[in-house]
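In what follows, a structure is listed as structure tokens, so that the remarks can point back to it.
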Amino acid sequence: MQSNDWYALAADAVVVLHLAYVLFVVLGLLITIVGLLLRWRWVRNFWFRAVHLVMIVVVVLEAWMGWVCPLTTLEHHLRIKAGQTIEEVSFVGRLARDLLFFQGEPWVFTLCYSLFGLAVLMTFIFGCPHWPWRRTPVAAK
């Protein structure tokens, strides 16, 4: 395998990781809402909810600050090292990119990310996670 092939494979891995990040954030909110409504205990897991909140906060901060996502930057760098353009990516890379990237005005994405982040924050406030350092009292027998 040539070094260009390794860079192309690494770029595909980064875009798939990027898609997984987005899916975790989007599906995490959906699952949290459904789980709260159906009283699934595991959706109140503090670490799941905290990681989910931090992940969307990162996205919102990037949007508000006008920063390009580091995963996008890394993928672009690896594609250049592989000698590829975006049109020359593998099937998996193209599929992940098509699911991940849309054309639109930056303010639209900032608004959508902010509203989504607010929704995640609201589930954190109104469907509080179980704090790991608080002990649940044992019911008397």
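What percent of all Cα-Cα pairs in region 3-126 falls in each 5 Å bin, counting up from 0?
In whole percents, the pair-distance histogram is 2, 10, 18, 19, 16, 14, 11, 6, 3, 1, 0.
If I take R0 = 22 Å and measure r between the Cβ atoms of Ala20 and Leu61 in this structure, what FRET efficiency does the formula 1/(1 + (r/R0)^6) give, to the nearest 0.05?
Between Ala20 and Leu61 the formula returns 0.65.
With label points built 7 Å along Cα→Cβ from the Cα atoms of Glu105 and Trp40, find their separation and express it in nm.
About 3.7 nm separates the two model spin labels.
Among the chymotrypsin sites (Phe, Trp or Tyr not before Pro) within region 1-91, which fall in a DSSP loop and have no more than 14 other Cβ atoms within 10 Å of their own Cβ? Let's see the in-between values first.
Working: sites: Trp6, Tyr7, Tyr21, Phe24, Trp40, Trp42, Phe46, Trp47, Phe48, Trp64, Trp67, Phe91; in loops: Trp40, Trp67.
The qualifying sites are Trp40, Trp67.
Suppose every Lys and Arg Cβ carries +1 and every Asp and Glu Cβ carries -1, with no other charges. What dipole size does the chain come out with about its Cα centre, to the nearest 20 debye? Intermediate results must be reported in sequence, preceding the final value.
Details: 11 positive and 8 negative charges, 238 e Å.
Once rounded to the nearest 20, the dipole reads 1140 debye.
Along the charge dipole of region 3-126, pointing to its positive end and built from +1/-1 on Cβ of Lys, Arg, Asp and Glu, which listed residue (Val57, Val34, Leu111) has its Cα farthest out?
Val34
Computed from the coordinates by the stated procedures, all read-outs in this text should not be read as laboratory data. For clarity, every value in this text was computed on a predicted model and none was experimentally measured. With ideal geometry, Cβ positions are generated from the backbone for all residues, glycine too; neighbour counts draw on all protein chains shown.
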